[in-house]
């Protein structure tokens with residue numbers, strides 16, 4: 001999947017996550033920033049979930065910002081998938 005424009009999904013409400021995505025130049029790789037209220041407890045899990053989703057959609061050269069307020073894994077996956085589809089105009 002090729003990211004061609006900026007996109008976002010989600011909200012900054014409790015138990016939700018806001019995902020912001022923008023394309024980067026070719027061969028730049030992934031730049032992922034995570035800010036979470038549960039970073040100490042689940043930060044590694046959130047990072048792994050995001051990486052797995054990006055791997056599934058074969059996404060590279062992306063700047064992703066995740067602002068989490070305690071979202072469940074299914075919510076994180078859904079918000080990320082929505083943002084990716086918006087950013088790739090699918």
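The values are calculated or read from the model by the stated rules, or taken from the named source; none is laboratory data. Everything quoted here is computed from the prediction, not taken from an experiment. Cβ: placed from backbone, ideal geometry, glycine included. Neighbour counts: every protein chain shown.
Suppose we keep only residues that are in contact (Cβ under 8 Å) with a residue 24 or more places away in the chain and in a loop (DSSP other than H, G, I, E, B) within the range 1-13. Which one would you say is farthest from residue 56 (Cα to Cα)?
Taking the range 1-13 first, the residues in contact (Cβ under 8 Å) with a residue 24 or more places away in the chain are 1-10, 12-13.
If we keep only those that are in a loop (DSSP other than H, G, I, E, B) too, we end up with 1-6, 12-13.
Working: 1: 10, 2: 13, 3: 14, 4: 18, 5: 19, 6: 20, 12: 25, 13: 27 Å.
Selected residue: 13.
A quick yes/no check of all residues on (1) touching a strand residue (DSSP E or B) at 6+ places or on another chain (Cβ under 9 Å); (2) surrounded by fewer than 18 Cβ atoms within 10 Å (Cβ to Cβ); (3) without any contact (Cβ under 8 Å) to a residue 60 or more places away in the chain:
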| residue | (1), (2), (3) |
| --- | --- |
| 19 | yes, no, no |
| 28 | yes, yes, yes |
| 34 | yes, yes, yes |
| 38 | yes, yes, yes |
| 49 | no, yes, yes |
| 54 | yes, no, yes |
| 62 | yes, no, yes |
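Given the options 40, 47, 26, name the one that is modelled with pLDDT of 95 or more and farther than 16 Å from residue 86 by Cα. Outline the logic, then answer.
Numbers: 40 fails: modelled with pLDDT of 95 or more; 26 fails: modelled with pLDDT of 95 or more.
Among 40, 47, 26, only 47 is modelled with pLDDT of 95 or more and farther than 16 Å from residue 86 by Cα.
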field: Residue that is surrounded by the fewest Cβ atoms within 10 Å (Cβ to Cβ) [pool: residues in the range 1-17 that are in contact with a strand residue (DSSP E or B) (Cβ under 7 Å, 6 or more places away or on another chain) and over 13 Å from residue 85 (Cα atoms)]
entry: 12
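Take the range 14-43 and flag every residue that is more than 16 Å from residue 63 (Cβ to Cβ) and assigned to a strand (DSSP E or B).
Taking the range 14-43 as the starting set, the residues that turn out to be more than 16 Å from residue 63 (Cβ to Cβ) are 14-17, 36-43.
Selection gives 17, 36.
Of the residues in the range 78-90, how many are part of a helix (DSSP H, G or I) and either without any contact (Cβ under 8 Å) to a residue 12 or more places away in the chain or farther than 18 Å from residue 33 by Cβ (or both)? Break it down stepwise before answering.
Quick first cut of the range 78-90, residues part of a helix (DSSP H, G or I) only: 78-87.
Narrowing the set further to residues that are either without any contact (Cβ under 8 Å) to a residue 12 or more places away in the chain or farther than 18 Å from residue 33 by Cβ (or both) leaves 78, 81-82, 85-86.
Of the residues in the range 78-90, 5 are part of a helix (DSSP H, G or I) and either without any contact (Cβ under 8 Å) to a residue 12 or more places away in the chain or farther than 18 Å from residue 33 by Cβ (or both).
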